[in-house]
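For reference, the structure discussed in these notes is given below.
The values are calculated or read from the model by the stated rules, or taken from the named source; none is laboratory data. In this text, all values refer to a predicted model and were calculated from it rather than measured experimentally. Every residue, glycine as well, gets a Cβ built from its backbone with ideal geometry; the counts of neighbours run over all protein chains shown. Ligands, DNA and RNA are stripped out before the accessible areas are found, and what is left, the full protein with its side chains, is counted by its heavy atoms. Shrake-Rupley method; radii C 1.70, N 1.55, O 1.52, S 1.80 Å.
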Amino acid sequence: MVDRETWLVELRRLNERQESALDLEADPYWGEIEDTHRAFVERFLSMLPPAGRVLDAACGPGRYFSMVLESGRSLLGVDHTDTYLSNAAAKFPSAPREKHDLQDLPYRDEFDGVMCVDAMEFVPPEDWPVVLGRFRDALRSGGALYVTVELHSEDEVRSANERARKSGLPVVDGEVIWDEPDGYYHFYPAMDRVRAWIAEASFAVVEEM
């Protein structure tokens, strides 16, 4: 069986290559923002100071940049994929961007809000506390965090997890490798575990849906 620690490091770079190869124009995800996401981002922004600063962690090609900027807040977009950052630069040339993995965010007491949308499913369980700790460190006192957690059918996750185990991969419960697109890793933690990690990172849940 593959060593898990080595496998997780390789997964980070594999995910980067996979996302760099995506056709952003053809992917409907990068089109209109869904009503649910829009409502929660608006709610998140309303909790911040009028001239507050936002860290868009795993920003992709800047899908939410316009919402943040139009609200009067400034932002820093961070992603681990050059293609995404280049696309964000083309659309929002004045918005600063930096390249980092979520596990390696270097910021401390710099932001009034941190948002991480549709990205935590790529974070393995041992790194959830690390990433949440990086978010906490990046926030100023009283800052707000908006993070999404992807849900999926428990039966399908369990079946995909069993297939990954049988193939020799060192997965733990909740981890899957989806066939499409191109063998994507996802981790689906139980919500009680997510809540525990959030509490351990000194965050309090204000709203959940």
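Here are some notes:
- A simple spin-label model places the labels of MET47 and ILE33 1.6 nm from each other, with each point 7 Å out along Cα-to-Cβ.
- A 1.4 Å probe run over the chain, with the rest of the protein chains in place, finds 51 Å² accessible per residue.
- Theoretical ellipticity at 222 nm over the chain - DSSP helices of four or more residues, -39500 (n - 2.57) apiece, nearest 500: -11500 deg cm²/dmol
- For the chain, carbon and sulfur atoms together expose 50% of the accessible surface, with a 1.4 angstrom probe and every protein chain in place.
- Taking amide hydrogens as placed 1.01 Å from N in the peptide plane, the amide H of VAL123 sits under 5 Å from those of PHE187, each at least 5 positions away in sequence or on another chain.
- Percent of beta bridges antiparallel (DSSP, the chain, rounded to nearest 5): 20 percent
- For the chain, the spread of Cα coordinates along the three principal axes comes to 52, 38, 31 Å, biggest extent given first.
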